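Derivation of every value follows stated rules applied to the coordinates shown; laboratory data play no part. Since we're looking at a predicted model, the values are computed, not measured. Don't worry about glycine lacking a Cβ; one is built from the backbone with ideal geometry, like all the others, and counts go over all protein chains shown.
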Amino acid sequence: MHAAAPHARRPLHRLARRLRRRPALARRAVAAGAVTAALLASTGLVPATAADAPSGVDVTVDAGAGLGTVPDTAYGLNSAIWDAHMNTADTQDLVKAAGIGMLRYPGGSYGDIYHWQTHTAPGGYVAPGTDFDSFMGTVRKVGAQPMLIANYGSGTPEEAAGWVRYANVTKDYGAKYWEVGNELYGNGHYGADWETDEHADSSPAAYAHGVLDHISAMKAVDPTIKVGAVLTTPGNWPDGVLASGDSADWNHTVIPIVAGKADFVIVHWYPGGSDAAGMLTTPSQLAGELQQLRAELAAAGAPDTPIALTETNSNVLMDTQPTALFAADTYFTALESGVFTVDWWNTHNGVGAISTAPDGATDYGDMGLLSSGGCTGSVCEPPVNTPFPPYYALQMLSRTGRPGDQLVAAQSADALVSAHAVLRADGDLSVLLVNKDPSASRTANLHLSGYTTDGSPADLAVFRDRSSSIDTTTGDGRSVTLPPYSITTVTLHPKGGTASALTAPGSPKVTSVTDTTATLTWSASTGGSPARYEVYRQNGATSELLTGTTATTATVRNLIPGTTYTLNVLARDADGRLSRASAPVTVRTTSPASSTCQVSYRLTDGWGNGFNAQVTVTNTGDTPIDGWTLSYAFPDSGVSVTGYWNAKVVQSGRNVIATPESYNATLAAHGGNAVSFGFTAANSGAYSPPAVFRLNGTVCTTT
């Protein structure tokens, strides 16, 4: 994204610039919000009043369903060279107090105009005291790591290599993470041109090969650094879009070229929503979008490539309580999906258009965590460095989980309450609860699996609407009142003797997969002699035991073809106590090795929030079929069929049934003919391809 005004006299609000240059995005955000509002109304998920607030919300936490470890880079933040306050002592103290572990520099799209040697950004504004060495002083004082944007748009691999040399050889800063450019898909190739790119070829293939050139030059200086490539987030523009002359969209062009060569990939996520209620539903889409991205990486042979979410924010009410709730939900959702850093845009950003939040609070249109002290007309922000509500959301994250703690599964029965949980290194269990209702409290009733408390009072921390601080107290940890528009952390303490001394088994690796089986291997637990290892499937916030073994390998059987499973391995000691869960591993079973039918599913066009697909059906059996029914299901709930041709397509929820027209009802035996039909669909978020197709009830081989 772009830079915002460094002060009130430079009214170049970052988001406004983005939307003016990308009017389709602005329209899409409004449309998405309207759809969200309609869905909320149709399902009854509208804000309740105090009089009719439900008596309780069931929240289930499974301490044995591990979702990975909180990285030391988890809670990140952007820093921009047009921000004159970015390196002041007050800012440093506030950033450190928020638990920030990653600072990104030199600021969004400025990364593609910034020249580190001269500390200049032609066409942009550079504030005093924002040079690289000053930034690294902040990084060190905060105790964070830098994420540095090497200039792809107007720079060269040699310039980037020089920066690596200065940072890590001359100054010994140990800067590990480097991005190659910012949002290069905004370089004009798809019509929108907010990102500087002076290369004659602006195609995704040219960018991907440019990434390889940068990696080669930069790692020749310091082979220990990690270099990342820019991707698009599935379901967000320009994902799915083909420009003139392209054979594939951005991701499907870039990923095969950089797979196995780039150390990580970068995405940004500004999900839109026209109002608070719409915006607060969007974090539920993020897990599916990241899963789809992982599938794209896996298809290129790089399934374990780390993902960094280096920019995120809401598109509405950006410095108010609703966005604080959005921030807490987004950070944990991304981290639970395996992202190694989530970097908020921005430290300071600048005042923009003035509006009013549902609770009556003033929104200054500022995407910063901290006030810049600017004015729009006669309306002025609070003094510089006054924390906005999203700042306290990040503090609440740090109260819930710190680097080295384990994310575990949590689930709420109420769509207006989000739940996330962390099993701490010291044995405590912290549950973060977000009440998205602006007017009514909720009572969260916690149900724990795999964890026994000592019965002592829980530690409670609450950040509520209109607060300028976090309240702390103790209380009942099983039934907790959640004020309207609030973030609450409940920390429970373990009963002595209930935890096993065994360490978690090592991260499982998938060694083979068929349509109905998956074989895993892992390294042994330490801290004792395991009596047995057990493989569990995550099913929401509960775990299902699939198999057990005394070895460090196991084959899970009786799986469903074309289905995605998330599995953990736990060790059980001689006293029957389970260790902590291993890191999760995701397995997708294949379609059947052989069948009497075959289906091909192919996307033919896309535009970010919609796509066209073609489905081809072949009868490979011995008997002709006169009259066929093809059934399948979309993995993601935000996909809806809006049109079709060469077949009749009916959708109910995620399930789809296609039946022939009169002219293509016959499928000859032995692949004698194939029938193709197509459909158009709208998507809100991810739109992964269907995994299982059934022709007249038979599961088909899928290509």
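Please arrange Lys176, Lys495 by how many other C-beta atoms lie within 10 Å of their C-beta, fewest to most.
Lys495, Lys176
For Asp405, Asp426, what's the fewest-to-most ordering of other Cβ within 10 Å of each Cβ?
Details: Asp405 18, Asp426 9.
The order, fewest Cβ neighbours first, is Asp426, Asp405.
What FRET efficiency comes out for Arg577 versus Ser637 if R0 is 30 angstrom and r is the Cβ-Cβ distance? Round to the nearest 0.05.
Result of the calculation: an efficiency of 0.20.
For region 106-121 and region 677-702, what is the separation of their C-alpha centers, rounded to whole Å?
Cα centres, region 106-121 to region 677-702: 45 Å.
Which FRET efficiency value, to the nearest 0.05, is calculated for Thr362 and Ala97 with the Förster distance at 25 angstrom and r the Cβ-Cβ distance?
For R0 = 25 Å, the calculated efficiency reads 0.55.
Ignoring the sites themselves, what is the longest stretch of the chain with no GluC sites (Glu not before Pro) in a DSSP loop and at most 14 other beta-carbon atoms within 10 Å? Can you show the working numbers first?
Working: sites that count: Glu198, Glu661.
Answer - 199-660.
Residue by residue through region 539-551, which ³J(HN,Hα) values in whole Hz follow from phi under the Karplus form 6.51 cos²θ - 1.76 cosθ + 1.60 (θ = phi - 60°), with glycine and proline marked x?
9, x, 9, 10, 10, 10, 5, 9, 6, x, 7, 9, 8
In the chain, which helices (entire DSSP H runs) extend 24 Å or more along their own long axis, judged by Cα positions, while averaging at least 1.0 on the Kyte-Doolittle scale?
Working: long enough: 23-43 (30 Å, 1.09); 204-221 (26 Å, 0.54); 283-299 (25 Å, -0.14).
Both cut-offs are met by 23-43.
Subtract the Cα-Cα distance of Thr623 and Asp213 from 0.36 nm times their separation in residues, and report this length gain in nm to one decimal.
142.1 nm is the gain from fully extending Thr623 to Asp213.
Relative contact order (percent) for region 126-246, with alpha-carbon contacts under 8 angstrom and 6 or more residues of separation?
Taking the mean separation of contacting Cα pairs over the length of region 126-246, I get 28 percent.
Can you spot the lysines whose alpha carbon is less than 22 Å from Lys219's alpha carbon? Ignore those fewer than 8 places along the same chain.
Lys171, Lys176, Lys261
Please report the spacing between the Cα centers of region 549-601 and region 315-347 in Å, no decimals.
31
Starting from the Cα of Lys141, draw a straight line to each of the aspartates and glutamates and keep only those under 13 Å, dropping any in the same chain fewer than 8 residues away.
Correct list for Lys141: Asp90, Asp93, Asp133.
Rounded to two decimals, what is Rg over Rh for region 509-588 when you use alpha-carbon atoms and the Kirkwood radius?
0.96
Extension gain Ser456-Lys261, at 0.36 nm per residue separation less the Cα-Cα distance, in nm?
Here the segment from Ser456 to Lys261 would lengthen by 65.1 nm.
Arrange Trp163, Trp237 by Cβ neighbour counts within 10 Å, fewest through most, would you? Walk me through the numbers before you get to the answer.
Working: Trp163 23, Trp237 20.
Ordered by Cβ neighbours within 10 Å, fewest first: Trp237, Trp163.
Explain nothing, just the number: relative contact order of the chain, from Cα pairs under 8 Å at least 6 residues apart, as a whole percent.
Rounded, it is 13 percent for the chain.
So if R0 is 56 Å, what FRET efficiency would Thr386 and His670 give, r being the distance between their Cβ atoms, rounded to the nearest 0.05?
Details: r = 74 Å, r/R0 = 1.32.
Computed FRET efficiency for Thr386 and His670: 0.15.
Once you place label points 7 Å from the Cα toward the Cβ at Ala413 and Ser441, how far apart are they in nm?
The modelled label-to-label distance comes out at 2.0 nm.
Can you tell me the order of 107-119, 270-282 when each peptide is scored by its average per-residue count of other Cβ atoms within 10 angstrom, highest first?
My ranking of the peptides, most packed first, is 270-282, 107-119.
Would you work out the relative contact order for region 597-702, in percent, from Cα pairs under 8 angstrom that are 6 or more residues apart?
On the way: 267 pairs, mean separation 40.9, N = 106.
Contact order relative to length: 39 percent.
Using 0.36 nm times the number of residues separating Ala531 and Val379, minus their current alpha carbon distance, what extension gain do you get?
My answer for the length gained is 48.0 nm.
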